[in-house]
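A.B. asks: Structure provided below as structure tokens; questions to follow.
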Amino acid sequence: MKRIIALLFVCIFAVTALTACSIFPRIPSQRPTEPAVTTPTAAAVTEAPVQTEAPAPTAAPIGTLDSYVKTAKKASFTFEGGNTKTYQIPEILLDSADAAAANSEIMDRFGDDVREYDEYSPVSALDYEAYLNDEYLSVIITGKFDGGNSYGLCYTFNVTNGNELNSSTLCSATGRDYNTALSKLSENLTAEYDEKYASLPSNDGERSKTLDDANIKAAKMYLDGSGKLMAMTDVYAAVGGGHWVYSIPAE
């Protein structure tokens, strides 16, 4: 009997232990996981190329004066005594519609005057000047004729694009104020006119015509050999042929 009771207690203990194990399962160890070490690939360690700025485009170099103008037509003759006179007119070498129009105007106006001198020639002088200041080309043609009259043509171009500049755009392009230039031109023309023609009788009409605002604004401004702003303007007076072209400072 005692043996049976002992066996019964052993069975009860075993069942109790198994039940406890099922109720309280084993908790696995919570050991912290170390981060995996990744070995960089060849692509990852390659240095990125250094970004360099592209060089700024350089402006086309400005050529010499001979690159933009040449003598288109020339005639020389020698008087008795050895004095030589030369007539010549220019050709503008820019590849633009404005330059082509100017060359046509020069030839139409003065082309027939460039010839061997004879007793019937109306021309006493015909020549041109050309100046290059940075990108600005100025060409001035002046002809003097029997009776004392003189006439002229004047052009200024931007050699980088072949465009002709009028007086206003020339002033703007070179950092000058156009109205200030007109005022200075009027002041200088008045002083020069009165110095030469103030004593002429019956000259009020010609003086007024010369100094009129319309005549001042019609003047063609250009840059001379020193870069000074000048203007070719018409001058009228009751003497000689009555009409000339003058170059007057506009600054």
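Computed from the coordinates by the stated procedures, all read-outs in this text should not be read as laboratory data. Values in this document were obtained by computation on a predicted structure and should not be read as measured data. Note: ideal-geometry Cβ built from the backbone for every residue, glycine included; neighbour counts use all protein chains shown.
A.B. asks: Hey, what do the phi angles of the range 139-145 turn into as Karplus ³J(HN,Hα) couplings, whole Hz, using 6.51/-1.76/1.60 and θ = phi - 60°, x for Gly and Pro?
C.D. replies: 10, 10, 10, 10, x, 10, 10
A.B. asks: Y222's amide H: which non-local residues (gap 5+, or another chain) put their own amide H closer than 5 Å, with H modeled 1.01 Å from N in plane and none for Pro or chain starts?
C.D. replies: HN-HN under 5 Å from Y222: M230, A231, M232.
A.B. asks: In whole Hz, what ³J(HN,Hα) sequence does the range 195-203 give by Karplus (6.51, -1.76, 1.60; θ = phi - 60°), x for Gly and Pro?
C.D. replies: Taking θ as phi minus 60°, the curve returns 5, 8, 10, 4, 7, 6, x, 6, 10 Hz for the range 195-203.
A.B. asks: Residues with beta-carbon under 12 Å from that of T180, excluding T180: net charge, scoring Lys, Arg +1 and Asp, Glu -1?
C.D. replies: Result for the neighbourhood of T180: -1.
A.B. asks: So what is the relative contact order for the range 81-177, in percent, with contacts set as C-alpha pairs under 8 Å and at least six apart?
C.D. replies: 24 percent
A.B. asks: How large is ³J(HN,Hα), in whole Hz, for each residue of the range 169-181 in order, when computed from phi with the Karplus curve 6.51 cos²θ - 1.76 cosθ + 1.60 and θ = phi - 60°, using x for Gly and Pro?
C.D. replies: 5, 5, 4, 4, 5, 9, x, 10, 8, 4, 5, 5, 5
A.B. asks: Under 11 Å from the Cβ of Y68, count the other residues' Cβ atoms, weight Lys and Arg +1, Asp and Glu -1, and hand me the total.
C.D. replies: Summing Lys/Arg as +1 and Asp/Glu as -1 gives -3.
A.B. asks: Let me check against my output: what whole-number percent is the relative contact order of the range 126-251, with C-alpha pairs under 8 Å and at least 6 apart?
C.D. replies: 27 percent
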